[in-house]
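The values are calculated or read from the model by the stated rules, or taken from the named source; none is laboratory data. Worth saying up front: this structure is predicted, and the values here are computed from it rather than measured. Here the Cβ is made from the backbone with ideal geometry for all residues, glycine too, and neighbour counts use every protein chain on show. Heads up: the accessible areas ignore ligands, DNA and RNA and are worked out on the full protein's heavy atoms, side chains in. Shrake-Rupley method; radii C 1.70, N 1.55, O 1.52, S 1.80 Å.
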Amino acid sequence: MDWVNAIVQGVLLGGLYALFAAGLSLIFGVMRLVNIAHGDMIVAAAYLAMVVVQATGLHPLASAVLAVPLMALFGYAMQRLLLNPTIGKDLLSPLLVTFGISIILQNGLLAGFTADSRRLAAGGIETASVEVLPGLSLGVLPVMVFAASVLIIFALELVFYRTPLGRAFRATSDDQEIAQLMMIDRRHVFGMAMALSSAIVAIAGIFLAIRTNFDPSSGPARLLFGFEAVIIGGLGNLWGTLAGGIVLGVAQAIGAQISPGWQILAGHLVFFLVLAIRPRGLFPRMD
Amino acid sequence: MGTAFTIQRSTRTSRVTAIVALLLVAVLFAAPWWAGRANVRLLGEILSFVALASLWNLLAGYAGLASVGQQAYVGFGGYALFALAMFLGVHPLVAIAAAGLVGALVAIPIAPLLFRLQGAYFAIGTWVLAEVFRLSFAQVAALGGGSGTSLPVGIVAGIAADRALREMLLYWSALAIAVAAVAFVVLLLRSRAGLALTAIRDSEIASESLGIDIWRTKLLVYVSVAGLTSMTGAFIFLQKLRISPDAAFSVNDWTAYVIFIAVIGGIGTIEGPVVGTILFFLLRETLADLGTTYLILLGAVAIFVMLRAPKGLWGLVVQHTGITLVPVRRRVVFPKNS
Amino acid sequence: MADALLALSGLKAGYGDFQALFGIDLELRAGETLALIGANGAGKSTLLRAVTGLVRCAPDMVRFEGAPIGGSRPDRIAALGIAMVPEGRRLFRSLSVEENLVIGGERAPKGEWTLQRVYGLFPILAEKRRSPATALSGGQQQMVAIGRALMANPRLILFDEISLGLAPIVTKDIYAALPAVVATGVSVIVVEQDVTRALSVAQRFVCIQEGRISLAGRPGEHDRAAITAAYFGMAH
């Protein structure tokens, strides 16, 4: 039963990883940009949620009302001011600018909140669980996170395939030059992509804050988990990303069953294994 | 009417550079006699960063392999040195070279895996690799596990009889590594592979159609950079005498600083990393007391340079004076007439 | 001239160190169809790219309805009412046929051209509306590219090499649709290597050779030899 339990917890954990991954995958899809600060933005959102809760007394989950628009605004401004000037030049410039942003965010959080580990109390839902089978219980929060990630991926698909903004995203991704001839301002489209990515980051940050301890240096690991979910799942396929997150979560859970030191390592090794045998991921998009 | 021309690489400035560089190496070689003990140690550290930055610059600036995970090889080199010295009794100075060899060998099977990641995703892949190394070495009990280990006193004493000589030998190995790294970059860029790299940088598709094997050229660069980075890592931790997974595979120490150096000095130039290292250490020696503010400042400066002067400080110098100290480009020279 | 819709004066443009155009003067009136001819590499495409803002030039070099637009952002220029059917069609491959048409018009003012009218002009597209744009034949893709440009209800439409890579019979079909386009009062510049084809639809032509205008006039005003000379740069 221990193993079944571990696998079930791993699947649910995969939902959180898919949330980390969705925003990353979105901006790579639209502008081929990899945001190294992605993980640090998740952690910054966790702190933002904490500040909102302390200042307003809102329930942590309700802090999204403020955290989501604020993060989206931050993402839009960051894209317009810092990243757009580097787009289209070469691979290195945007990458290194996001690396710089990552350093600034990490140390900014360190200066503002110290290196102490934090956690956001959410009135008991973080510890509540339901026993579905004898010996197998599901945590309420992990189930909520998983459901949220399914909903968010569903909503993202709708935006991508059913709205003018989504059409602009896809057109810009296909052919930036011709997209401009369709009166699309790519600077704005890129800004909107980063804003949307950052809105998802905010939700991921809130869940992270309730689910686990976090500190200013927690960002890079979240970036790597999200990235691994994207690659394992297959580029350009959001449902694949969810599957990738689940594979990663299960691998980590099984690793942890073997030995605590193996939890994260097992996830990384599965990532390299997938890269070795299925370089395009488990569910590559059909073209 | 055919015009005669010759292909020229050296210029008068470059010959002067070669002489000045030789003099500089000679002066640096003599450092133990003109600098204090603490300064020699600092010089050793500076030289190790010259090596790391030059190698990263070759990888990212010339070969388009934007790695943010070179700490994998710094740490691996350090651990390899500790393992070779502690378990096999290899003399530490010999172990520096051996660590480089092992690092290169390890990189051979890794490169094809990482090369499967397209564009910027390669960067994150290199970081995952570094994490795999960090977590794996944390599992090795014989090397102290997660808390790390110190080099046994007996081994340290075995480097040389007295402390002064030991420090001199260590310093000279740093000098040798830095000179080797810079010379390797210059020679590689002047070789056939260097021409191929320039062609790849200009247009990957065009160079492929010219029959340049991009994959093999990148492999060559990745593996040799891994080897030399491992050697540098071996030196760094031999000087520190202590190693732990977190210190060995620190992304801040071995990648963030190195990228900062290359960015402010000038990515894609030979001189940039050297200029950048000097600037970095000037900043560090004056501002490091500021702590987190100092790091925020470094990040902000790097972003500012990327946006406003993407060729860095050395790029500005070249733009305003036209000087290239170390020409790696061939230029076509037509005889002056009429 | 105040009544010119598009006026190029001394247009110089190029890519990096390479200059492709060396001072082009050209005017186009509302409702006029102009053929732009010239050999491969003469600078025809660069001219269209300068007009659409994809290649930079000085503001005064390109005027649209009297306003300087040279070097403006491509999306701003498009919003003024200049549409292009690019060389090689360049449809958005992750968009369906209908989405390709819709995206052409959704930021533009409403006008005569709607989805229904485009489908009326090219009935086959209505059948394939849900297919990915890249699943179509070359000729059908060209129809989508034309429809995409029409959906913007432009004042000026630029056709870049629309017959390139298409079978003659398909080219004929595509050209058969042009009168319906012109009838709405839109101005047209047609870039073609197929001179006869281009001259057959135009009221005026301009021949470019190595970045300069080598001959201009009305079809029929010059004999074939003169046009051939202007085209290939042979002395006559």
Practice task
Just give me the residues in the stretch B:56-83 being over 27 Å from B:VAL156 (Cβ atoms) and in a helix (DSSP H, G or I), in sequence order.
Solution key: B:TRP56, B:ASN57, B:LEU58, B:LEU59, B:ALA60, B:GLY61, B:TYR62
Exercise for the section: Would you please list the contacts, defined by Cβ atoms under 9 Å and residues six or more apart or on different chains, that run from a residue in the stretch B:77-91 that is open to solvent by less than 60 Å² (accessible area, probe 1.4 Å) to a residue that is basic (Lys, Arg)? Expected result: B:GLY78/B:LYS240
Exercise for the section: Would you check if A:VAL247 is under 30 Å from B:ASN252 (Cα atoms), open to solvent by 10 Å² or more (accessible area, probe 1.4 Å) and in contact (Cβ under 8 Å) with a residue 24 or more places away in the chain? Expected result: yes
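How many of the residues in the stretch C:28-48 are assigned to a strand (DSSP E or B) and over 17 Å from C:ILE157 (Cβ atoms)? Walk me through it before giving the result.
We begin by selecting, within the stretch C:28-48, every residue assigned to a strand (DSSP E or B); these are C:28-29, C:33-37.
If we keep only those that are over 17 Å from C:ILE157 (Cβ atoms) as well, we get C:37.
Of the residues in the stretch C:28-48, 1 are assigned to a strand (DSSP E or B) and over 17 Å from C:ILE157 (Cβ atoms).
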Practice task
Answer with yes or no whether A:GLN252 is within 11 Å of chain B (Cβ to nearest Cβ) and either in contact with a helix residue (DSSP H, G or I) (Cβ under 9 Å, 6 or more places away or on another chain) or in a helix (DSSP H, G or I) (or both).
Solution key: no
Exercise for the section: List every residue pair whose Cβ atoms sit under 8 Å apart, with the two residues 6 or more apart in sequence or on different chains, where the first one lies in the stretch B:128-152 and is of a type in the set (Lys, Arg) and the second, anywhere, is open to solvent by less than 40 Å² (accessible area, probe 1.4 Å). Expected result: B:ARG134/B:GLY75; B:ARG134/B:PRO245; B:ARG134/B:ALA248; B:ARG134/B:PHE249
Handout entry: Residue within the stretch A:106-120 that is more than 14 Å from chain B (Cβ to nearest Cβ) and either within 26 Å of A:LEU238 (Cα to Cα) or buried (at least 21 other Cβ atoms within 10 Å of the Cβ) (or both) present
Key = yes
Problem - Residue within the stretch C:30-38 that is more than 30 Å from A:LEU165 (Cβ to Cβ), of a type in the set (Gly, Ala, Ser), open to solvent by 40 Å² or more (accessible area, probe 1.4 Å) and away from every other protein chain (no Cβ under 14 Å) present - result: yes
Handout entry: Residue identified as under 20 Å from B:MET86 (Cα atoms) and at pLDDT below 90 among B:ILE155, B:ILE159
Key = B:ILE159
Fill in the blank from the handout: Given (1) crowded, with 19+ Cβ neighbours inside 10 Å; (2) within 14 Å of chain C (Cβ to nearest Cβ); (3) in contact (Cβ under 8 Å) with a residue 60 or more places away in the chain, A:MET194 misses just (2)
Practice task
Give the residues of the stretch A:77-100 that are crowded, with 20+ Cβ neighbours inside 10 Å, modelled with pLDDT of 95 or more and more than 7 Å from chain B (Cβ to nearest Cβ), sorted by residue number.
Solution key: A:MET78, A:GLN79, A:LEU83, A:THR98
Problem - Test result for A:ALA204, open to solvent by less than 30 Å² (accessible area, probe 1.4 Å) and more than 21 Å from A:TYR76 (Cβ to Cβ) - result: no
Practice task
Give the residue, chosen from A:VAL51, A:VAL43, A:VAL140, that is among the β-branched types (Val, Ile, Thr) and modelled with pLDDT under 95.
Solution key: A:VAL140
Completion exercise
Condition set closer than 21 Å to C:GLN141 by Cβ and among the basic types (Lys, Arg), scope the stretch C:166-223, selection surrounded by the most Cβ atoms within 10 Å (Cβ to Cβ): answer is C:ARG197
Exercise for the section: Quick one: in the stretch C:112-165, of everything that is of a type in the set (Val, Ile, Thr) and over 21 Å from the mean Cα position of the chain (by Cα), which residue is least open to solvent (accessible area, probe 1.4 Å)? Expected result: C:ILE124
Practice task
Those residues that are open to solvent by 40 Å² or more (accessible area, probe 1.4 Å) and either among the β-branched types (Val, Ile, Thr) or more than 9 Å from chain A (Cβ to nearest Cβ) (or both), I need them from the stretch C:81-98; list them, please.
Solution key: C:GLU87, C:GLY88, C:ARG89
Exercise for the section: Of the numbered conditions (1) surrounded by fewer than 18 Cβ atoms within 10 Å (Cβ to Cβ); (2) within 23 Å of B:VAL251 (Cβ to Cβ), A:SER259 fails exactly one; give the number of that condition. Expected result: (2)
Handout entry: Residue check, C:GLU87 touching a residue at least 12 places away in the same chain (Cβ under 8 Å) and either out of contact with any Phe, Trp or Tyr (no Cβ under 6 Å at 6 or more places or on another chain) or basic (Lys, Arg) (or both)
Key = yes
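Evaluate the following for C:LEU101: is it within 13 Å of another protein chain (Cβ to nearest Cβ), within 27 Å of C:ALA177 (Cβ to Cβ), buried (at least 17 other Cβ atoms within 10 Å of the Cβ) and free of Cβ contacts under 8 Å to residues at least 40 places away in the same chain?
Details: within 13 Å of another protein chain (Cβ to nearest Cβ): yes; within 27 Å of C:ALA177 (Cβ to Cβ): yes; buried (at least 17 other Cβ atoms within 10 Å of the Cβ): yes; free of Cβ contacts under 8 Å to residues at least 40 places away in the same chain: no.
In short, no.
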